[in-house]
1. Scan segment A:12-25 for residues that are surrounded by 13 or more Cβ atoms within 10 Å (Cβ to Cβ) and farther than 25 Å from B:D194 by Cβ and report the count.
2. Evaluate the following for B:G231: is it touching a residue at least 12 places away in the same chain (Cβ under 8 Å), away from every other protein chain (no Cβ under 14 Å) and at positive phi?
3. Sort through B:G180, B:G116 and tell me the only one that's on the phi > 0 side of the Ramachandran plot and within 14 Å of chain A (Cβ to nearest Cβ).
4. What tally of residues in segment A:43-76 results from selecting those that are in a helix (DSSP H, G or I) and surrounded by fewer than 19 Cβ atoms within 10 Å (Cβ to Cβ)?
5. Among the listed residues B:S298, B:S280, identify the single one that is more than 12 Å from chain A (Cβ to nearest Cβ) and either at negative phi or among the small types (G, A, S) (or both).
6. Looking at segment B:134-148 only, could you name the residues that are crowded, with 18+ Cβ neighbours inside 10 Å and not in a helix (DSSP H, G or I)?
7. Does B:A323 meet the test of being at pLDDT 95 or above, touching a Leu at 6+ places or on another chain (Cβ under 9 Å) and either surrounded by fewer than 20 Cβ atoms within 10 Å (Cβ to Cβ) or outside any helix (DSSP H, G or I) (or both)?
8. Quick one: count up the residues across segment B:289-320 that are hydroxyl-bearing (S, T, Y) and part of a helix (DSSP H, G or I).
Amino acid sequence: MTMTEIAGVAVERDAEGFLVYPEDWNRVLAEDIARENGIPELTPRHWQVVEFMRERYLETGTAPSIRSLGKESGVPIKELYQLFPKGPAKLAAKIGGIPKPRGCI
Amino acid sequence: MKRIVILGGGTGGTMMANRLRRVYDEDEAAITVVDKDDRHVYQPGLLFVPFGLASADEIVRPRRRQLRSGIDFHVSEIDHVALAKDQVHLVDGSTLPYDVLIVATGVTLRPEETEGLTGPGWRERMFTFYDVPGAEQLARALDAFDGGRLVVNLIDMPIKCPVAPLEFAFLADWYFAERGIRDRVELTYVTPLDGAFTKPIASERLAGLLAEKGVELVTEFAVGEADGEGGRLVSWDEREVPFDLLVTVPLHEGAPYVGRSEGLGDELAFVPTEPHTLQSLARPNVFALGDATNVPISKAGSVTHFEGEALTENVRRFLSGEALEGSYDGHANCFIETGFGKALLIDFNYDTEPLPGRFPNAVGPLPLLRESRLNHLGKLMFQWLYWHALLPGRDIPGISPSMEMSGKERQLEHVSEGGERR
């Protein structure tokens, strides 16, 4: 785990860049993490996914999978891959300041 | 008289019915098992059918005959569970009231959820071995296959027995070598994961085995479309993998009635379940085990088996008004068939990933995460244990429901959760 400064604030992140404490998160921080990961600007469609992820995590304690996102976030899977290239669930979680989806076992 | 209703007469439902029948006399509790048919499939055997190493009639037996006397077996589709009324409504019109409900209806394959997969070419050049008809059709297709690109794929997690598609790739390498045409077959393993398997140390070993056997590994490939006419898999991010023959594991969901039962399941019809007590989050008198739950461990028969002891204890405690103390640790144990008469063995739980070493303890005899003939024999012997020890609800000698650290080699090198070595 490392302390890094994003948006002028020191936050603790894990080796892959996920926030260690979801309560450190704010929208400016999200924009910064997005830029670090090759997304120059968060559009309203990005925010729809990021906010859905974050709410779901705070409600249930787990981040939704890509299939759940496709079924419930209002953004179809194809578009999720366009918005968050490579791994939408992983990247949206990172931007949303929640732990990496536990994924699959 | 307590009423225990068990939905599903597969591995978990059968084992739980038999275990609970031993706990309660017939005048203390009525036990009813519901399933849509009377065919109990030994699912690990499905892997062998495509290669002609097992036939369907060797791996299917009547469900009813696996249940002890004094258990009522009811054949019907389930319409829905009315949680608020403690009742199960069946499609045949009957209603089953319960004091305790156990959900053990496993998963349902959903190939139609992937665009194109059930279109042209389905069951002609695109197959799954995850059900009996599919495994039999694939046996005929493999027999007729005399060269070209064979792609082994899983669409997305979670799937039953996450090692099975890897085993399929290993056995395909052996099968074509036996037939003398291995050099005419291009084998490719296509996975949405970032490695061959979900857990880092095992993933690395299994990726090594794929490479040794000349199987190309394509990772982070999330299938958006299966094009049977064009013979290609297309990922959501628009990459393509061509195939002449596709062996895929379709998307999984919980049983359809779970989705029709208000409050019982999540958006994929899995039952949210407390991972240690196996009590559902829906209602205190509803429990779940095996593939039907959302607990964070592999969907596998061994998991279901190891869950049995804790769940039996908790059902007993619940019915007598005591606090739940039975605790499942996420123990899973899988043989991984690697071809040429050998297999690996992995043993893990919620907290400990599969490690090398020996099983069941430091003196063995079975090596962990290493190929051996003994593991292969273990895998073959397991079929007998399944019908004669696991389903009747007996413990298997020498194998504890909780995972043992004894025999496992702890890894000094730190491995991050995501599978990347630092």
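The values are calculated or read from the model by the stated rules, or taken from the named source; none is laboratory data. The model shown is predicted, which means the values in this text are computed figures rather than measured ones. No Cβ is skipped: glycine too gets one built from the backbone with ideal geometry, and neighbour counts run over all protein chains shown.
1. Summing the residues that are surrounded by 13 or more Cβ atoms within 10 Å (Cβ to Cβ) and farther than 25 Å from B:D194 by Cβ in segment A:12-25 gives 1.
2. yes
3. On inspection, the qualifying residue turns out to be B:G116.
4. Keep residues of segment A:43-76 that are in a helix (DSSP H, G or I), which gives A:44-60, A:66-72.
Then drop every residue that is not surrounded by fewer than 19 Cβ atoms within 10 Å (Cβ to Cβ), which leaves A:44-45, A:47-48, A:51, A:55, A:58-60, A:71-72.
Result for segment A:43-76: 11.
5. Values: B:S298 fails: more than 12 Å from chain A (Cβ to nearest Cβ).
Every option except B:S280 fails the conditions.
6. Within segment B:134-148, B:F145 is the sole residue that qualifies.
7. In short, no.
8. Counting residues in segment B:289-320 that are hydroxyl-bearing (S, T, Y) and part of a helix (DSSP H, G or I) gives 3.
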